[in-house]
Amino acid sequence: MEFSKHNIISRLKDSEDYFIVNLLSRNADILTEDQYQEFLAHNINITEELKEKGYIIDPETENNIYRQKYLEFIDNRETDEIQLFFVPGYACNFKCSYCYQDEYLNKYEQIDDQIITSFFNYIDSEFVNRKKYITIFGGEPLLNIKAQSNFYKRFIRECNMRNLDIAVVTNGYNLLSFIPVLKSASIREVQVTLDGTEDTHNTRRPHKNGSSTFLRIVDGIDALLRERIPVNLRMVIDKGNIEELSKLARFANHKGWTNNQLFKTQLGRNYELHHCQVESNRLYTRLGMYEDIYEQLKLYPEIKEFYKPAFSVAKFLFEEGELPDPLFDSCPGTKTEWAFDYTGKIYSCTATVGKEGEELGTFYPEVTKKEEIIEEWQNRDVLAIPECKDCSVQLACGGGCGSVSKNHTGRICSPDCRPVKELLELGLSYYFRETPKDFFIKN
Ligand code: SF4
Ligand code: SF4
């Protein structure tokens, strides 16, 4: 009997208590200082329970469980829904201070009807019998109602014929004019970005012509909710606007958005995906962002209504009352996610779409595939990344993002480490310190 390789143990932030989390056995406990010391000393009074929970286990038994869970993970993924991104163009009407696509070719081009035909032919044959939906992405995909109306008519008709839901990722500027178009589709959600309240948002996300954008976007969000179209409000955060989180939360609460079942939020970290942004000292590390969110939540409890941070698996544990299944791979690229653009190219996902050299094939004018690279992407998981092999947090981390790791090391199968332990220190403290659950051994 030994300590499990998958124990994640540390002290809760702002507390004397410790936690132990094990994603393989799917158990989690909070330990007092004494219990923690007893655990380290293999004290017999406590280890019976700890053995049952898989914190202390025979290594061979653990390896067998690990293999079995891995096979289940791969099997389950075969039936997961696939998200297919389609980029109708890379042009954009905004000049955001941090846009990672600002180096891409930025000209609006009409989409050839044949491209739409080829795209649907490709997904019909390639993803036949798979649950799937399409996300329209840019650039800015809702750019010009006149020029794009033929494209949307045809594209939505093809989706409707196949019962495919559509999600849209937009800056929100033209939402009002696109509402009738959106109403003709089965819209799963529209993701819109606000980076704070009016002044801050307008400084960070102005129109290309210099005008402000906040009020138009807010009107668009109101209109979506009126039409019962789900909204996913994204706020892109860096050190320059973290203070806006509570203000935007108050704004959204006041608007009644946060009481609407159709409204949800996400925070995006503004980070250097492909090239340096102008003021890179503003960028957060993943941990830095969550540390500041934790502090903001303490200062401004009203944020809770607006945004519930994941803090690795802490939120899931709090809301579901159990841990998620072990995560052998956190990068959906080429497995349950693909991206396609209006030039006929195929990419792994939104992080690589439109980036020269990242094409994995074409669906137009003919179908071609870079089989070897696709295979490398598809094989990427914590078993294929050598650095992850002995990592105790691997089943919460899943190896991170394939695109980020490739940008850092040149290898797809290399790690993009997530600060799992530190995030759990914050998250378990935030979600559980005042409301211990009865499945925790602390009482
Ligand atoms: S490469 Fe990164 S952005 Fe792309 S699917 Fe994987 S995790 Fe997501
Ligand atoms: S990417 Fe890093 S943190 Fe994640 S499992 Fe691999 S080694 Fe561990």
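The values are calculated or read from the model by the stated rules, or taken from the named source; none is laboratory data. Predicted model, so just to flag it, every value in this text is computed and none were measured. Reconstructed Cβ throughout: ideal geometry from the backbone, glycine too, with neighbour counts over all protein chains shown. Only protein heavy atoms, including side chains, enter the accessible area calculation; ligands, DNA and RNA are left aside. Shrake-Rupley method; radii C 1.70, N 1.55, O 1.52, S 1.80 Å.
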Item to check | Bins of 10 Å, starting at 0 and running to the largest distance - Cα pair percent for region 321-376 | outcome: 23, 47, 16, 10, 3, 0
Item to check | Segment L71-N209, extension gain: residue separation times 0.36 nm, minus the distance between their alpha carbons | outcome: 44.3 nm
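Counting only heavy atoms of protein chains, what accessible area per residue, in Å², does the chain have with a probe of 1.4 Å? Can you show the working numbers first?
Values: 20430 Å² over 443 residues.
Value for the chain: 46 Å² per residue.
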Item to check | Whole-Hz ³J(HN,Hα) from phi, Karplus 6.51 cos²θ - 1.76 cosθ + 1.60, for region 352-363, glycine and proline x | outcome: 10, 4, x, 8, 4, x, 9, 4, 10, x, 9, 10
Checklist outcome for this item: Spelling it out for L142: with amide H atoms placed in the peptide plane at 1.01 Å from N, the residues 5 or more places away or on another chain with amide H under 5 Å from its amide H are N171
Next on the checklist: Under 5 Å between amide hydrogens, which residues at least 5 positions from I237 or on another chain qualify, with H placed 1.01 Å from N in the peptide plane?
Outcome noted: G268, R269, N270
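Counting each DSSP H run of 4 or more residues in the chain as -39500 (n - 2.57), what helix-only mean residue ellipticity at 222 nm follows after dividing by all residues, to the nearest 500 deg cm²/dmol? Numbers along the way, then the final one.
Values: 16 runs with 169 residues, N = 443.
Calculated mean residue ellipticity at 222 nm is -11500 deg cm²/dmol.
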Checklist entry - Going down the table (K264/K298; K95/K247; K132/K208; K53/K421; K389/K421; K95/K183), which pairs top 26 Å between alpha carbons? => result K132/K208; K95/K183
Checklist entry - What residues have an amide H closer than 5 Å to that of N7, excluding those fewer than 5 places away on the same chain, when H is modeled at 1.01 Å from N in the peptide plane? => result none
Checklist entry - How long is region 2-75 along each principal axis, judged by its Cα atoms, biggest number first, in Å? => result 41, 28, 14
Next on the checklist: What is the distance in Å between the Cα centroid of region 219-246 and that of region 52-70?
Outcome noted: 43
Checklist entry - Along region 170-178, what does the Karplus equation 6.51 cos²θ - 1.76 cosθ + 1.60 (θ = phi - 60°) give for ³J(HN,Hα), rounded to whole Hz, x for Gly and Pro? => result 9, 7, x, 5, 9, 4, 4, 6, 8
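I'm a student and want to see the number: the projected area of the Cα convex hull of region 118-162, averaged over all directions, in nm². Don't skip to the end; give the middle numbers.
Working: hull surface 14.5 nm².
Its Cα hull, projected and averaged over all orientations, spans 3.6 nm².
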Checklist outcome for this item: Heavy-atom accessible area with a 1.4 angstrom probe orders H408, H6, H207, H42, most exposed first, as H408, H42, H207, H6
Checklist entry - Which loop GluC sites (Glu not before Pro) in region 349-399, with loop taken from DSSP, have no more than 11 other Cβ atoms within 10 angstrom of their Cβ? => result E356, E366
Checklist entry - Considering the chain as a Gaussian network with a 10 Å cut-off on Cα pairs, which listed residue, N160, N129, N232, attains the greatest mean-square fluctuation? => result N129
Checklist entry - Does anyone have the angle between helix 214-226 and the longest principal axis of the chain? Alpha-carbon axes, 0 to 90°, nearest 10? => result 80
Checklist entry - What residues of region 289-311 lie in the reach of a label at H254, counting those whose backbone N is under 19 Å from a point 7 Å from the Cα along Cα→Cβ? => result 300-307
Checklist outcome for this item: Phi angles of region 31-41, converted by Karplus (6.51 cos²θ - 1.76 cosθ + 1.60, θ = phi - 60°) into ³J(HN,Hα) in whole Hz with x for Gly and Pro, give 10, 6, 3, 5, 4, 4, 5, 4, 4, 4, 8
Next on the checklist: Let me understand the chain better: what is its radius of gyration from the alpha carbons, and its Dmax, in angstrom?
Outcome noted: 23.3, 74
Item to check | Convex hull projection area averaged over all views, region 81-309, Cα basis, nm² | outcome: 12.9
Checklist entry - Can you give the angle from 0 to 90° between the axis of helix 286-299 and the longest principal axis of the chain, with both taken from C-alpha atoms, to the nearest 10? => result 80
Checklist outcome for this item: Under a Gaussian network model of the chain whose springs join Cα atoms within less than 10 Å, the largest fluctuation of S403, S330, S348 belongs to S330
Checklist entry - What is the magnitude of the charge dipole of the chain about its Cα centre, with +1 placed on the Cβ of each Lys and Arg, -1 on the Cβ of each Asp and Glu, and no other charges, expressed in debye to the nearest 20? => result 1680
Checklist entry - Over the alpha carbons of region 122-253, what is the largest minus smallest coordinate on each principal axis, giving the biggest first in Å? => result 48, 31, 26
Item to check | Whole-percent carbon and sulfur share, accessible surface of region 81-309, 1.4 Å | outcome: 47
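Report, to the nearest whole %, how much of the accessible area of region 2-75 belongs to carbon and sulfur atoms, 1.4 Å probe, protein only.
Values: 1740 of 3780 Å².
Whole-percent figure for carbon plus sulfur exposure: 46.
Return the percentage of antiparallel bridges among DSSP beta bridges fully within the chain, rounded to the nearest 5 %.
Of those bridges, close to 40 percent are antiparallel.
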Checklist entry - How much of the accessible area of region 314-443, in percent, comes from carbon and sulfur atoms when a 1.4 Å probe is used? => result 48
Checklist entry - Taking Cα atoms, how many degrees apart are the long axis of helix 145-161 and the longest axis of the chain, rounded to 10 and kept between 0 and 90? => result 60
